[in-house]
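Here the structure comes first, spelled out in structure tokens, and everything after it is commentary.
The values are calculated or read from the model by the stated rules, or taken from the named source; none is laboratory data. What you see is a predicted model, and the numbers here were worked out from it, not measured in a lab. Cβ atoms come from the backbone with ideal geometry, glycine included; neighbour counts cover every protein chain shown. Accessible surface areas use protein heavy atoms only, side chains included; no ligands, DNA or RNA. Shrake-Rupley method; radii C 1.70, N 1.55, O 1.52, S 1.80 Å.
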Amino acid sequence: MDFATLIQILDSAVRLMTPLLLACLAGLYSERAGVFDIGLEGKMLMAAFASASVAYATGSAWLGLLAGIAGAAAMAGLHGVASIGFRGNQLISGVAINFLASGLTVLLGQKIFGLGGRTPSLSGAARFGEITLPFADSLRPVPVIGPIYAELVSGHTVLVYVAFAMVPLTWWVLYRTRFGLRLRAVGENPASVDTAGVSVVRLRFAAVMICGVLCGIAGAYLATGISAGFVKEMTAGRGFIALAALIFAKWRPWGALGATFLFGLLEAVANRFPNLDLGFVTVPSMFMNALPYILTVVILAGFVGRAIPPRAGGEPYVKER
Amino acid sequence: MTATPAPAIELRGISKAFGPVQANRDIDLVVPRGTIHGIIGENGAGKSTLMSILYGFYRPDAGEILVGGKPVAIADSQAAIRAGIGMVFQHFKLVQNFTVLENVVLGAEDGRLLRPSLSRARGELKRLAAEYGLQVDPDALVEELSVGHQQRVEILKALYRRADILILDEPTGVLTPAEADHLFRILRGLKDEGKTIILITHKLREIMEITDNVSVMRRGEMVASVRTAETGPAELAELMVGRKVLLRVDKPPARPGAPVLEVRGLRMVDAEGVERLRGIDLEIRAGEILGIAGVAGNGQTQLLEILGGFPEAGARLQGEIRLGGRPLPLQGPGADGRARRRAGIGHVPEDRQAEGLIMDFTAWENIAFGYHHAPEFQRGPLMDNAAIRADAMGKIQRFDIRPPNPDLAAKSFSGGNQQKIVVAREVERNPELLLIGQPTRGVDIGAIEFIHKRIVALRDAGRAVLLVSVELDEIMALSDRILVMFDGHIMGERLPAEATTGDLGCLMAGVEPARADAGGGAG
Amino acid sequence: DPALIFDLGGKFDKSFNEAAYNGAERWKAETGGTYKELEMQSEAQREQALRRLAQSGANPIVMTGFAFGEVLAKIAPDYPDTKFVIIDMVVEQPNVQSVVFTEEQGSYLAGVAAALASKSGTVGFIGGMDIPLIHKFECGYAQGFKATRPDGTLIINYTGTTPAAWNDPVKGSELLKAQVSQGADVVYAAAGGTGIGVLQAAADAGVLSIGVDSNQNHLHPGKVLTSMVKGVDNSVYEAFKAGTEVEPGVRVMDLASGGVSLAMDENNKPLISDEIAGAIDTAAKAIEAGEITVHDYMADNTCPVQ
Amino acid sequence: MERMPKWADVILTPLISLVLAFAISALVILAIGESPAEALKVMVQGALGSSYGWGFTLYYTTNFVFTGLAVMVAYHAGLFNIGGEGQAAMGGLGVALVVLALPWPHWALALPAAAMGAALFGALWALVPAWLQARRGSHIVITTIMFNFIAAAALNYMLVNVLRPVGSMDPASARFPEAAHLPKLSEMALGLGVEWGRNTPANVTFFLAIAACLLVWLLIWRTRLGYEIRAFGKSEPAALYAGISPVRITVLAMLVSGALAGLMAVNNVMGEAERLVLNAVEGAGFIGIAVALMGRNHPLGVLLAALLFGFLYQGGGELALWTSIPRELIVVIQALVILFTGALDNMVRMPLERLFAALRRKGA
Ligand SMILES: Nc1ncnc2c1ncn2[C@@H]1O[C@H](COP(=O)(O)OP(=O)(O)OP(=O)(O)O)[C@@H](O)[C@H]1O
Ligand SMILES: Nc1ncnc2c1ncn2[C@@H]1O[C@H](COP(=O)(O)OP(=O)(O)OP(=O)(O)O)[C@@H](O)[C@H]1O
Ligand SMILES: [Mg+2]
Ligand SMILES: [Mg+2]
């Protein structure tokens, strides 16, 4: 495999990991605050639909992004009301949100656009274009660094850079701010936060809403960044993969970067080598398609130890039995 | 205008119900400023609930709270903190994987950014440590601290928030005598500064030693408030349980028989590579209680766990254990808790909530826990739930477990009654050897008396008992022989008759008393 | 009234089912008649839907997709007076018309067009779910391509192994980019909703794409080389028009009968040079005349070229 | 004494929640310009209004009972098995291999063998995640998700390359031999002289599902293994104390769970399709999560929740088939039912508790 191929695969991995990374960080906020979230998929789907619809209607990808965030945040709010406000089962609420988004997007899409749940294709300013970073073209001829900068680093939509910037930002929020300290505490031992005079409900709600915002960006990226419009079920299980990545990352921001990169990379490799010819036998494409999943299991079993979730995760905070 | 200053705290007509349970009923309490006020009462009497209300953790159904003579609405803990109230809960409210500093700062940060808060807190902690002798490493993770140190963190949290009124809910339940003494010195220092302290404890000795006034609760009501100087332990005990209580264990001299348990050269290295046991040799005979004293964290837990068949994962073991002369495997399939029970070892674990009970199981299910393979509980391929329930009912009655409802979840019982469930289960099996760790931690004196009686009765029936407790009084009262553990090995052996608290205290601190005398009292 | 049953993909799948829908709508517009339509919700409903329609007197009943084959074979004898039309599958019953398309022939032409339109000599194929039907497209395409450009390179990708493979434009776009980075400059997408992502990404990347099933040239005018159109709409239209007179038996919709073709319209006119148009024509004639036999993957599950 | 009578919590709370869910659904239907009353009529009529509707409702119910029980058993061991989808798919493979391997003379012989095949394949598919969880600490949520994808790929491979008759378009196995066809409930009813549910897919497997509920109930609440599973699920340290091996329980619970999920294939593959098709599971594995959680992880609850989802599935199918309401509406209704009965139940319970407390006070 030559250098150019490597760059292309990495480039592809970056694009593929972006929605995973955003969703993974979204889940990180929520779960670090002690609210499990298997509804990442639904929130992303809702956001993808909302952003595509509004971007189509207004011709502005940015307004679409806002709408996507609003859509996912609405779902997150629902999750918050159910699992924090009413101390409902967080897993059930997440499942419900996945179903809700899956049905509602198509229902609304069909009602509005009559295309069987798709939105019309987006073009022009209704999509996020690829950004060429300064000097990308002039640096391109420089060996090694040139292609890395010009092709790998430059030339993504703004949301990709947002996603990557979220990693240090999340780290900083989590470990360097008051909010982060409280957030981590409420996921480990909500009683400690409560007795310290901080509202558990408000804190968890904030975390869940941040989760919604990030899922919103992820969804908008899917519909208006990497593709041009909404197609039903277009998240295609990425919310679940993000969840897997979150556990893989042991609920840490830099870990999330690594884990989602791994998933992106495995998929990019499988895309690039659909029928691996090993000389004596050709690996069938079904196997190559499943390879990222198989490798995930292997890596998990071989290299990543026990992942301990936030201790209060999944449990509603109840003072009185 | 009256001459006497307003009391620090005044509670009027506080009531609180948890569903059908009336935890507090129309409670009045006055705590004068600058005093140490004791609150005693049986398990489940409502002490913790009352204090949690004062701290804004629970909301009362009715009643009024006055702080410094002025009524205050304490809607949440933030309000309590603002009113100058700090509380150290019975079950600590610490974030286990945070550092001490982070725990102290949590909720009392200076601004949005953490750094400045943390560095200010670091300075403040240093000052508090110097002022009150509350030393803790600010950068240590809480989960790596001993309970005594964790408690210090809780106290530091309150002081850091400039608490004027400090509530401590059973603070000494988890402390060694030395640690308790240390705590009391701190409390006296705080009192001298004019702070007000409310102390909940089951230990009458402590009440007598440190409090100015004492209030007694029974079944959700405040039954008496008296000046400590004007009362005595016997009267308090009677007020508490509503009957006369034996404050000393009456036990006939031991008549030891054949050795039941022999441990030779037992070593253990845990998963992190730390050597926790460094060659333990001990022997327990039938009809004998062997007490192991020691500060928590010196290998007692590991010893009990190995004997009970569940050493922590990844541990490496060496040595020999014999029960009734037969060797027992140390590790592997034949060495689990079930095999140990079958061999005749009963075990009351130190941590009843995490290990001894399934908190979500009903009382009757818990009473079969660990013995669910026993033949009398089987009916064909199924478990005989009727038989288990019947068995449980008997134990609930004989051990006076309250409420006597076998269908209640274990978590719905008070700590003392939870402990009784475990003790009933293990003791009534009449095991060859009973391992029992911290049998009366957090248990009220009525229940302590009862549990002690049952342990002695088991001994008198010719069984061997290995007792581990950080409670020196308990060790001295119950044991026929005392071993002191320090840093994974046995520091020394004493007979209760000849042992003194000071002597044992030295051994517990890892110092030979002879040398301590010569050296002039390290420890 | 006639009736039309769509397969699980739903009638707005932008390709196969939608083509059937368009055929029915055309009939409706022309004749002013009405028809019943159903979308499948689950596997177990197929039989239910067929029986209920038959009982309600619908005739003929047209269904799209091979997945109806088994069920139809089972229930057709129960309703001898009803005519059934199944598309993409052969069911041998006296009251069933089976419409099958020679997708390999249309795809062959697509391969020819791709071979000539490609500057790099490398072209791509992106299939949806990895199932035999799509291999049929792939194999015809490969034959046409290799016949025209024996030294050319063909890159093949499938989106996945679950039904999600039909609805993943993100993956489609990524696969296209992967193929482009390997030099492909014409890519044929037979992947349902995923194909929309492929066509979009191709337009973005400035390479040519080839649509499938319906005429997709208009999606990105001037950027879709052509579309391999399956005359599903015509079949439905004709079946509806024939009404109860639908002729049972197998109808092979091949190149000669116009069942499969390459879409030529205003949108792709600038892309189709005379050379390409000529080559397509020649190949089509040769196939029709039997001079070229395009191998059908389904016949033996293998493809003579890779 | 409880805060409110048990019957109220068990019956009233879910009932009111359900009513709320349907009320919101009605608003959604109104919003898309259709008539809620009409929709409800079609759904009830189509799912429960005739033996024909019941024949479908019970068929779907059977699927959901198995996947619901599968999630439930694992849940009691503290394991979240999201892999029902893959396990059920592999169960289908097991059924197909067994049924096609031998010339079965009679369904009564084929059924137990196929059930064993289904259970075995499902269990094996759960074994790897279980073992990795127990031995290596690999999080079972990730591994079971991954195994769903891997199962899809494996099944695809098997169907396309191994089981598919040559020349068939359809990535599906050959048809099962006539003798191995399971009797439909309608045929059994006919045997009793009753005309019931003609041409519906509900089949004997329904009784297998009922039996599975009973057996699972016995397993979880009446056997030592069940006791140990529950104990382990509630507290791992306590389980260790009692000599319950985490590895053994994790593996056994997941084997049972996988076997139950696999058994679903007897219903849909052997009982209905009578051949193995791609994507035969159709999301039932995921619905099993909702069914188990809504059924409060109790077999009776699972049965009722499965029935509810069976009703929604069939009623919704009818709705989409015979009205212009898109089928996605059903997904929305399902979501609302899950949300209200499963996650927002306290919204109903809290006021009810207050109501009962007030009543009690008045009564006292
Ligand atoms: N959060 C709660 N929810 C429901 N009931 C509770 C709760 N906390 C306490 N109770 C019940 O209220 C009663 C009083 O409990 P409390 O904890 O105040 O007793 P206590 O006097 O502190 O006992 P102990 O000495 O064992 O700590 C008990 O019956 C207990 O079961
Ligand atoms: N906790 C116990 N207390 C007393 N006797 C026990 C206990 N556990 C087991 N035994 C005795 O040891 C014998 C063998 O124990 P074991 O637990 O293997 O029984 P089992 O019926 O084979 O259980 P399983 O089928 O779960 O292996 C039992 O028949 C019983 O007589
Ligand atoms: Mg208490
Ligand atoms: Mg045995």
Legend entry - Shielded by partner chains, segment C:1-44 residues - at least 40 Å² of accessible area, 1.4 Å probe, vs chain alone: C:Phe12, C:Leu38, C:Gln41, C:Ser42, C:Glu43, C:Ala44
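Which links in B:Lys203/D:Lys234; A:Lys250/B:Lys16; B:Lys70/B:Lys93; C:Lys74/C:Lys241 stretch past 30 Å when you go from one Cα to the other? Working shown, then result.
Numbers: B:Lys203/D:Lys234 33 Å; A:Lys250/B:Lys16 41 Å; B:Lys70/B:Lys93 28 Å; C:Lys74/C:Lys241 26 Å.
Table pairs above 30 Å Cα-Cα are B:Lys203/D:Lys234; A:Lys250/B:Lys16.
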Inset, instruction - Taking 10 Å² as the minimum loss, tell me which residues in segment A:260-293 lose that much accessible area going from the chain by itself to the full protein complex (1.4 Å probe). - result: A:Glu267, A:Asn271, A:Arg272, A:Pro274, A:Asn275, A:Pro284, A:Ser285, A:Met286, A:Asn289, A:Ala290, A:Tyr293
Inset, instruction - Taking only the C-alpha atoms, wrap a convex hull around segment D:266-364 and report its volume per residue in Å³ as a whole number. - result: 143
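Seen from all sides and averaged, what is the projected area of the convex hull of the Cα atoms in segment A:3-236, in nm²? Please report the intermediate quantities before stating the final value.
Details: hull surface 55.7 nm².
Mean orientational projected area (segment A:3-236, Cα hull): 13.9 nm².
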Inset, instruction - Take the alpha carbon atoms of segment A:195-233, find their center, do the same for segment B:129-207, and report the distance between the two centers in whole angstrom. - result: 43
Inset, instruction - Using a 1.4 angstrom probe, figure out how much accessible area segment D:58-305 has per residue, in square angstrom, rounded to the nearest whole. - result: 31
Legend entry - Cα-based Rg and Dmax for segment B:347-430, where Dmax is the largest Cα-Cα distance (Å): 11.8, 36
Inset, instruction - Compare the peptides B:294-301, C:115-122, D:340-347 by average per-residue count of other Cβ atoms within 10 angstrom and give them in order, highest first. - result: D:340-347, B:294-301, C:115-122
Inset, instruction - Ratio to report: Rg/Rh of segment C:83-123, with Cα atoms as the point set and Rh obtained by the Kirkwood method; give two decimals. - result: 1.35
Inset, instruction - Would you calculate a helix-derived [θ] at 222 nm for the protein assembly as shown, using -39,500 (n - 2.57) for each DSSP H run of n ≥ 4 and dividing by the full residue count, to the nearest 500? - result: -15500 deg cm²/dmol
Legend entry - Solvent-accessible area buried by pairing B with D, both sides, nearest 100 square angstrom, 1.4 angstrom probe: 2300
Legend entry - Relative contact order (%) - chain A, alpha-carbon pairs under 8 angstrom, separation at least six: 35
Legend entry - Karplus-derived HN-Hα couplings along segment A:66-75 (A = 6.51, B = -1.76, C = 1.60, θ = phi - 60°), whole Hz, x at Gly and Pro: 4, 5, x, 4, 4, x, 5, 5, 4, 5
Inset, instruction - Rounded to whole Å and sorted largest first, list the principal axis extents of the Cα atoms in segment B:9-241. - result: 50, 37, 31
Legend entry - Rounded Å value of the spacing that divides the Cα centres of segment D:288-353 and segment C:229-276: 45
Legend entry - Buried on assembly, segment D:332-364 (at least 40 Å² less accessible surface than by itself, 1.4 Å probe): D:Val332, D:Ala335, D:Ile338, D:Leu339, D:Ala343, D:Leu344, D:Asn346, D:Met350
Inset, instruction - Evaluate peptide A:110-119: per residue, the Cβ atoms of other protein chains within 10 Å of its Cβ; return the mean as an integer. - result: 4
Legend entry - Residue with peak Gaussian network fluctuation, chain C [Cα springs, cutoff 10 Å], from C:Asp265, C:Asp13, C:Asp168: C:Asp265
Legend entry - Euclidean distance of C-alpha centroids, segment B:442-487 and segment D:183-210, integer Å: 67
Inset, instruction - Over all alpha-carbon pairs of segment C:20-109, lay out the pair-distance distribution in 10 Å bins, whole %, shortest bin first. - result: 16, 46, 31, 8, 0
Inset, instruction - Output the Cα-based Rg and Dmax of chain D in Å, rounding Rg to one decimal and Dmax to a whole number. - result: 21.6, 78
Legend entry - Average projected area [Cα convex hull, chain C], square nanometres: 14.8
Legend entry - Percent of Cα-Cα distances greater than 15 Å, calculated over segment A:221-321: 73
Inset, instruction - Mind jotting down a quarter of the surface of the convex hull over the alpha carbons of segment D:55-210, in square nanometres, one decimal? - result: 10.5
Legend entry - Highest-MSF residue in chain D out of D:Val99, D:Val141, D:Val71 [GNM, Cα springs under 10 Å]: D:Val141
Legend entry - Chains C and D, summed buried accessible surface - 1.4 Å probe, Å², nearest 100: 3100
Legend entry - Whole-number percent relative contact order across segment B:9-241, with pairs defined as alpha carbons under 8 Å at least 6 apart: 29
Inset, instruction - Considering only C:Ala205, C:Ala49, C:Ala29, give the residue with the highest GNM mean-square fluctuation for chain C, with springs between Cα atoms whenever their separation is below 10 Å. - result: C:Ala29
Inset, instruction - Using a 1.4 Å probe and ignoring any ligands, DNA or RNA, find the accessible area of C:Cys139 and quote it in Å² to the nearest 10. - result: 0
Inset, instruction - Could you run the Debye sum over the Cα atoms of segment B:124-244, one equal point scatterer each and no solvent, and tell me log10 of I(q)/I(0) at q = 0.14 Å⁻¹, two decimals? - result: -0.66
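For chain D, what relative contact order do you get, as a whole percent, if you take Cα pairs closer than 8 Å and at least 6 residues apart? Show your work: numbers first, answer last.
Numbers: 640 pairs, mean separation 126.8, N = 364.
Reported as a whole number, the value is 35 percent.
With Cβ to Cβ distances under 11 Å as the rule, what net charge do the other residues near A:Ile241 carry (K, R +1; D, E -1)?
Values: positive: A:Arg238; negative: A:Glu41, A:Glu267.
Every neighbour counted, the sum reads -1.
Nearest 100 Å² is fine: what is the total accessible surface buried where chains A and B meet, probe 1.4 Å?
2400
Could you list the square roots of 5 times each eigenvalue of the Cα gyration tensor of the protein assembly as shown, that is, the equivalent ellipsoid semi-axes, sorted largest first and rounded to whole Å?
Details: eigenvalues 912, 245, 190 Å².
Output for the protein assembly as shown: semi-axes of 68, 35, 31 Å.
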Legend entry - Exposed GluC sites (Glu not before Pro) absent - longest run of chain B, DSSP non-H/G/I/E/B, at most 11 other C-beta within 10 Å: B:273-497
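With a sphere of radius 14 Å drawn around the Cβ of B:Glu193, what net charge do the other residues whose Cβ falls strictly inside it have (Lys, Arg +1; Asp, Glu -1)?
Details: positive: B:Arg33, B:Arg127, B:Arg162, B:Arg185, B:Arg188, B:Lys191, B:Lys195; negative: B:Glu131, B:Asp164, B:Asp192.
Taking every Cβ under 14 Å from that of B:Glu193, the sum is +4.
Looking only at other chains, what is the average number of their beta-carbon atoms within 10 angstrom of each beta-carbon in C:197-204? Could you put the intermediate results ahead of the total?
Values: counts 6, 1, 2, 8, 3, 0, 3, 6.
Across C:197-204, the average partner-chain Cβ count within 10 Å equals 4.
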Inset, instruction - Keeping the other protein chains in place, figure out the carbon and sulfur percent of the accessible area of the protein assembly as shown, with a 1.4 Å probe. - result: 59
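Give me the Kirkwood hydrodynamic radius of chain B in Å, from all C-alpha pairs, to one decimal place?
Details: mean 1/r = 0.0408 Å⁻¹.
Value: 24.5 Å, from the Cα pair sum.
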Inset, instruction - Please average, across the residues of C:52-62, the number of beta carbons from any other chain that are within 10 Å of each residue's own beta carbon, and give a whole number. - result: 1
